[in-house]
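So that we are looking at the same thing, I have put the structure below in structure tokens.
The values are calculated or read from the model by the stated rules, or taken from the named source; none is laboratory data. Values in this document were obtained by computation on a predicted structure and should not be read as measured data. With ideal geometry, Cβ positions are generated from the backbone for all residues, glycine too; neighbour counts draw on all protein chains shown. Note: accessible area is taken over every heavy atom of the protein model, side chains too, but ligands, DNA and RNA are not part of it. Shrake-Rupley method; radii C 1.70, N 1.55, O 1.52, S 1.80 Å.
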Amino acid sequence: MKRTIRLRGISGEIKGRVWESETILRAGRLASLEIVLDDSSVSRRHAEVRLGDRGWYVRDLESTNGTYVNGVRMGPGEHPLHQRDIVQFGKVAVIVEGADSTVSDGPSSNQHIVAAAESTFEDGIRRLAFDRNHMPRAGEQMFALLRAGHHFVHMQSEDQLLNAVLNDAVSVLEAQRGAIVLADGDAAEPNLQLRALAVGSGEPPGRFHFSKKLAQRCYAGGVSLLYSTLTNDSEGGATQSMSDGGMASVLCVLLRTPRKRLGVLHLDRNLAQAPFNEDHLFLADALAAHVSAAIESAQLLKKQRDMFLKTITILAQAVELRDDYTGGHTQRVTRYAVMLAEALEVPADQLELVKFGGPLHDIGKIGIDDAILRKPGRLTADEFAKMQTHTTMGAEILATVPDMHPIIPIVRNHHERWDGTGYPDKLAGEDIPFLARILAVADAFDAMTSHRPYYENQRGKPPAWAFNEVQKQAGKHFDPRCAAAFVGIREKVIQTMLELMPGTEVDAEAAPAVHGEYVPDPRN
């Protein structure tokens, strides 16, 4: 029996070309080789595929850009080949198609690669306007691609962007389901983390929303691929994820920019749907190239925001070191304020301001003399007035940094009162900036439940007493809507208190034993 191997090109100019041999196939740029590849990523003598005692093997010939099998770069020595393996010489990809049983059915043989798309960023961008036949895209397809561009400008977060893009892809490509997985870190073999899921019509029950194996292969190989399930007995059944997920046809499309690979867009159809075709693959690949720059920008922006938040948190902690009372105060107030803002369903951009404004709400205390800030006992009227200036001083500090202007109202006005008796501007009701009203509740609650060392034996009140006081002060000190929402998240707040202040007494029965009323102090 002849023992023949067949390699079929699946990328670039070699797509569809076939090479067969019973003994050896050598690949490289030299014209004397069996597989001549005119590509700059391919070495003159790149690799060889040779028949051994137990089947066919591939060996890299010390090429510059390496030889890959299913996305994994080969080391020294030989690597066995199986049907449906993807072999890359540099950036040029072929698929193994054994002509007889000497090429074994390995782990990768239970999916059939119908087509592959060149996955350079530039090729993807060219596909925005033209399909694979170089014809202008149909109106619906073009609209989908343009709508993806609209998401870049209007999405407030990376998660919003990913969900919007994925829902569009599922809708336009009539998928039963979609997923976006992104690389976690810049390691050579990063984990692919699920970041977005979307469902089309007719999703069957199942544990799997996407095939990790196929996504990893697409990412590692750097090639967008179209899979369909093989059903004949000689090729075996589908992988568990494809089978349990009811996937009959799968698109794995590489998300990438000219700088890096980002992850994979995974779309599937079920057995009742027509399978994806090459037009779908090229449309999905164009969409992936179009949105990848936005995803990378969103990731960079998030990194920048996280770094900035860490910086201002450190700055706030530097202020806290001057005051025994405020140790941990800004962290707790920020957590409470964020939870309250979420309960009030503030927009994402406003929630970001709360996250930045919380740590900095008392930044003006850096300009208050220690004799006042750390004074034991009550302040005189003059000291009280000077202490109140921490709100205006904080606003003045932030006014010197243009990017900080949006959080100035939080810093300046978080000590205003709903009845107009607060400071520094004596604002009342709806005239008080909304985010400042949110922070006012969080700030006062932490003041009530924290130890204040400048008052002798002044221990923090039990949470039950403080929640009761928030209710009592609704319409006087606090915005009634903010007060009601804060009481509504009582259990979450107490859980956070226990996390940040271990040992806090939360026994509700302790509340009636505590008498008096909350007395604000500008040092709080």
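As an exercise, use a Förster radius of 41 Å and the Cβ-Cβ distance of residue 32 and residue 212 to find the FRET efficiency, rounded to the nearest 0.05.
Computed FRET efficiency for residue 32 and residue 212 comes out at 0.45.
Apply the Karplus parameterisation 6.51 cos²θ - 1.76 cosθ + 1.60, with θ equal to phi minus 60°, to every residue of segment 74-85 and state each ³J(HN,Hα) to the nearest whole Hz, in sequence, with x for glycine and proline.
Along segment 74-85, the couplings run 6, x, x, x, 9, 10, x, 10, 10, 4, 6, 5 Hz.
Considering only protein heavy atoms, with the full assembly of protein chains and a 1.4 angstrom probe, order 20, 469 by accessible area, largest first.
20, 469
Give me the net charge for the shell around residue 159: Cβ to Cβ below 12 angstrom, other residues only, Lys and Arg +1, Asp and Glu -1.
Neighbourhood net charge equals +1.
Suppose R0 equals 51 Å. What FRET efficiency, 1/(1 + (r/R0)^6) with r the Cβ-Cβ distance, do residue 22 and residue 277 give to the nearest 0.05?
0.90
Residue 219 accessible area, nearest 10 Å², 1.4 Å probe?
My reading of the accessible area for residue 219 is about 30 Å².
Grab the other residues whose beta carbon is less than 15 angstrom from that of residue 78, score K and R as +1, D and E as -1, and report the net.
Around residue 78, the charge tally is 0.
Tell me, what is the FRET efficiency for residue 57 and residue 348 to the nearest 0.05, using R0 = 45 angstrom and their Cβ-Cβ distance as r?
Efficiency, from the Cβ-Cβ distance: 0.25.
Still on this model: Using the charge dipole of segment 344-473 (Lys, Arg: +1 at Cβ; Asp, Glu: -1 at Cβ; taken about the Cα centre), state which of 463, 435, 377 has its Cα farthest towards the positive end.
377
Would you mind checking which residues have amide H under 5 Å from residue 29's amide H? H placed 1.01 Å from N; only 5 or more apart, or other chain.
Amide H neighbours of residue 29, under 5 Å, 5+ apart: 37, 44, 45, 46.
Can I ask one more? Quick one: accessible surface of residue 25, probe radius 1.4 Å, all protein chains present, in square angstrom to the nearest 10.
Here the residue's solvent-accessible area equals roughly 10 Å².
Residue by residue, what Karplus-based ³J(HN,Hα) values in Hz, rounded to whole numbers, does segment 42-50 have, using 6.51, -1.76 and 1.60 with θ = phi - 60° and x for Gly and Pro?
Rounded to whole hertz, the list is 9, 6, 4, 10, 8, 7, 9, 10, 10.
Another question about this same structure. Roughly how much of residue 19 is accessible, in Å² to the nearest 10, using a 1.4 Å probe?
Looks like 20 Å² after rounding.
Count charges around residue 352 for me, please; just the other residues with Cβ under 11 Å from its Cβ, Lys/Arg as +1, Asp/Glu as -1.
Taking every Cβ under 11 Å from that of residue 352, the sum is +2.
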